[in-house]
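These notes concern the structure reproduced below.
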Amino acid sequence: MAEAKDFEMISTVDGEFLTYKGLPLVREGNMICYGSMDDECVLQMNIMTMKEEDGKQVPDKIIIQIVKTDKNLPDHERIVKQDMKSGFYDAFELGLIWLERYRTAH
């Protein structure tokens, strides 16, 4: 079994997380997470399929979720809202709207 020291995290640029509108935007494999883990919830996007566009592979079907950051909750209770969209732009735009609405309502 591999030990934690055997893995290297490559989620930073020059020691800092990438940010968008002041919040961290992190991708690991097919999972993209936007928001601070110190907040009540974050936007999570899971790339389910890719498609070829202009000779490049780009995200196609993406599951978007607003997820509570409270690790004490069971997984099924952490998901606040969920949907599937085609294309990264549409998924990210809808996710940002959901996240902002949730943050202002709570």
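Other residues with beta-carbon under 10 Å from the beta-carbon of R103 carry, at +1 per Lys or Arg and -1 per Asp or Glu, a net charge of -2. Each Lys or Arg adds one and each Asp or Glu takes one away; over the other residues whose Cβ falls under 12 Å from the Cβ of N30, this sums to 0. Percent of accessible area on the chain owned by carbon and sulfur, 1.4 Å probe? So the carbon and sulfur contribution to the accessible surface is 50 percent. A Förster radius of 22 Å, combined with the Cβ-Cβ distance separating M84 from V26, puts the computed FRET efficiency at roughly 0.55.
Comparing A91, M50, H106 along the charge dipole axis of the chain, the residue lying farthest to the positive side is H106, per the Cβ-charge model.
Once Cα extents along the principal axes in Å is calculated for the structure shown, the corresponding label among [x] 71, 33, 21; [y] 50, 27, 22; [z] 41, 38, 29 turns out to be [z].
Surface exposure of the chain, expressed per residue as accessible area with a 1.4 Å probe, stands at 73 Å².
The magnitude of the dipole of the chain, with charges of +1 and -1 set on the Cβ of Lys/Arg and Asp/Glu and taken from the Cα centre, is near 340 debye. In this simple spin-label model, placing a label point 7 Å from the Cα along the Cα-to-Cβ direction at both I63 and F17 gives a separation of 2.2 nm.
The values are calculated or read from the model by the stated rules, or taken from the named source; none is laboratory data. Computed from a predicted structure; not experimentally measured. Cβ sites come from the backbone with ideal geometry, for glycine too, and all protein chains shown count toward neighbours. Areas reflect the complete protein model, heavy atoms only, side chains present, ligands, DNA and RNA absent. Shrake-Rupley method; radii C 1.70, N 1.55, O 1.52, S 1.80 Å.
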